[in-house]
1. Filter the range 306-344 down to the residues that are touching a residue at least 40 places away in the same chain (Cβ under 8 Å) and not in a loop (DSSP other than H, G, I, E, B), then identify the one that is surrounded by the fewest Cβ atoms within 10 Å (Cβ to Cβ).
2. Report yes if GLU85 is more than 25 Å from ARG47 (Cβ to Cβ) and open to solvent by 10 Å² or more (accessible area, probe 1.4 Å), otherwise no.
3. Across the range 80-103, what is the number of residues that are in contact with a Phe, Trp or Tyr (Cβ under 7 Å, 6 or more places away or on another chain) and among the basic types (Lys, Arg)?
4. Taking the range 116-149 as the search range and keeping residues that are under 14 Å from the mean Cα position of the chain (by Cα) and surrounded by fewer than 22 Cβ atoms within 10 Å (Cβ to Cβ), which one is nearest to MET27 (Cα to Cα)?
5. How about the range 115-138: which of its residues are under 16 Å from GLU215 (Cα atoms), more than 16 Å from the ligand (Cβ to nearest atom) and either in contact with a strand residue (DSSP E or B) (Cβ under 6 Å, 6 or more places away or on another chain) or free of Cβ contacts under 8 Å to residues at least 24 places away in the same chain (or both)?
6. As an exercise: evaluate GLN437 against (1) within 22 Å of the chain's Cα centre (by Cα); (2) part of a helix (DSSP H, G or I) and give the number of the one condition it does not meet.
7. Could you say which residue among LYS12, LYS17 is farther than 25 Å from GLU247 by Cβ, more than 23 Å from the chain's Cα centre (by Cα) and of a type in the set (D, E, K, R)?
8. Yes or no: ALA374 outside any loop (DSSP other than H, G, I, E, B), in contact with a Gly (Cβ under 7 Å, 6 or more places away or on another chain) and among the small types (Gly, Ala, Ser)?
Amino acid sequence: MGDNLYNKVFDKHAVRKLDSGQYQLLMGLHLIHEVTSPQAFAMLRERGLGVPFPERTFATCDHIIPTHSQLRPFRDDLAEQMLVELEKNCADYGIRYLSPKTGEQGIVHVIGPELGLTQPGMTICCGDSHTSTHGAFGAIALGIGTTQVRDVLATQTLAMEKLKVRRIEVNGQLRPGVYAKDVVLYVIHKLGVQGGVGYAYEFAGEVFDRFSMEERMTVCNMSIEGGARCGYVNPDATTYAYLRDREYAPKGKAWERAIAYWDSMRSDPDARYDDVVKLRGEDIEPMVTWGITPAQSTPVTAQLPAASQFAQDDRALIEEAYQYMGFTQGAKLAGQKIDVAFIGSCTNGRFSDFEEVVRYLKQSGKKVQPGVRALVVPGSQKVRERLIKAGYDKVFTDAGFEFREAGCSMCLAMNPDKLVGRELCASSSNRNFKGRQGSPTGRTLLMSPVMVAAAAVSGSVADARDVFSIQN
Ligand code: SF4
């Protein structure tokens, strides 16, 4: 019987089994940013340790960087201090820092693939939960904590358990107006936020086969929201076409050798899995979250569920969500007035995400409703540059969106982009936890970028297929 990609990559990178039962796993690529790395470097200094493989570590700044202007010094002293520390640490340890000055700065999970650093068959880690994004290339990509960042800096290895593997197959056709974001929200809705605990998710089937790399990244990005430690798609011609000629992609003969290796890492047709889930693309509708976890979602056309529909054990959380969000069981989310619209983040801050929105803004000529604060925040400087080159920045600003500098922005709001009070935000990001967008009482509705745009131009949650006349 054959094996799956997860097991193949894991076994190739396992240095040894530890007494704890965990494995010491070699990390091919380590990405760092300004928030989770300063303490790790401080711990290295305390213990007199160095970074033996600085060429395998890359740094950027994303969480705290303001998106109004990247001019230094930042108004926020703490943010400025974090950046100064990152600069010093990178200089001291010989780590390449993709600073705003290089034109290559951006959200860590956007720039890795952009530069061709993220490659199939690799082990990748970063002190950020959404490192799972990189699994779109057929890599094992793990979000890690600060002490693990220290461990990887000092040893280029990580101690971890071997996961079970669940294959999630989505076959058939997606209907017009249904996007990668809807697919992953649907998967999480079906399997729950704890459903993936102890698993790596392998996304497979006709829908993922047809997806572009950017769509695959959107799905893998949110594996972690379904409880999975990582998620991946097997590499194929789409993966190789995306990677070819990128700065860090192998060149010449090395490219041919790399393709042979990457092909060999794919899951075998007779691979064994710990679990298999099969879903139909036709069953998926544009999804919107209504609660305080990414699993608390509904098709935009549906009524909000009654707490009584859920298992007894889940009802307390359902009631808590309704109380926090201020919605009524059985009501429809469509028509609910919004205050803020945010398009960006490592889930949906890539060129194709914005391009799809631009298509509908141009076609419809619709404008952001008065009273709605609408932000477009590119995931990287390169994405921003491409948008400007295509003239899309103007489409956004003409429609009433603010077109910002690259960064995490309102996804986590560790920068000036925050919700105020109980504002309700239609957001293309990945987490709708209480207070996630910077206000302790702020409320987040997760949805696809096109659905965010539909909400922005309607002033309320709306079915993008109706707003933009997308033929169903
Ligand atoms: S965009 Fe959000 S989820 Fe992604 S790295 Fe930034 S803060 Fe984390």
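The values are calculated or read from the model by the stated rules, or taken from the named source; none is laboratory data. Only a predicted model underlies this, so the values are computations on that prediction, with no experimental measurement involved. Because the Cβ atoms are built from the backbone with ideal geometry, glycine has one as well, and the counts that use them run over all protein chains shown. For the accessible areas, the whole protein counts, side chains as well, though only heavy atoms, and no ligand, DNA or RNA atoms are used. Shrake-Rupley method; radii C 1.70, N 1.55, O 1.52, S 1.80 Å.
1. Of everything passing the filter in the range 306-344, LYS337 is surrounded by the fewest Cβ atoms within 10 Å (Cβ to Cβ).
2. It is false that GLU85 is more than 25 Å from ARG47 (Cβ to Cβ) and open to solvent by 10 Å² or more (accessible area, probe 1.4 Å).
3. Selection size over the range 80-103: 1.
4. Ranking the candidates gives GLY143 first.
5. Answer for the range 115-138, where residues must be under 16 Å from GLU215 (Cα atoms), more than 16 Å from the ligand (Cβ to nearest atom) and either in contact with a strand residue (DSSP E or B) (Cβ under 6 Å, 6 or more places away or on another chain) or free of Cβ contacts under 8 Å to residues at least 24 places away in the same chain (or both): just GLY138.
6. Result: GLN437 fails condition (2) only.
7. Going through LYS12, LYS17 in turn, the sole match is LYS17.
8. It is true that ALA374 is outside any loop (DSSP other than H, G, I, E, B), in contact with a Gly (Cβ under 7 Å, 6 or more places away or on another chain) and among the small types (Gly, Ala, Ser).
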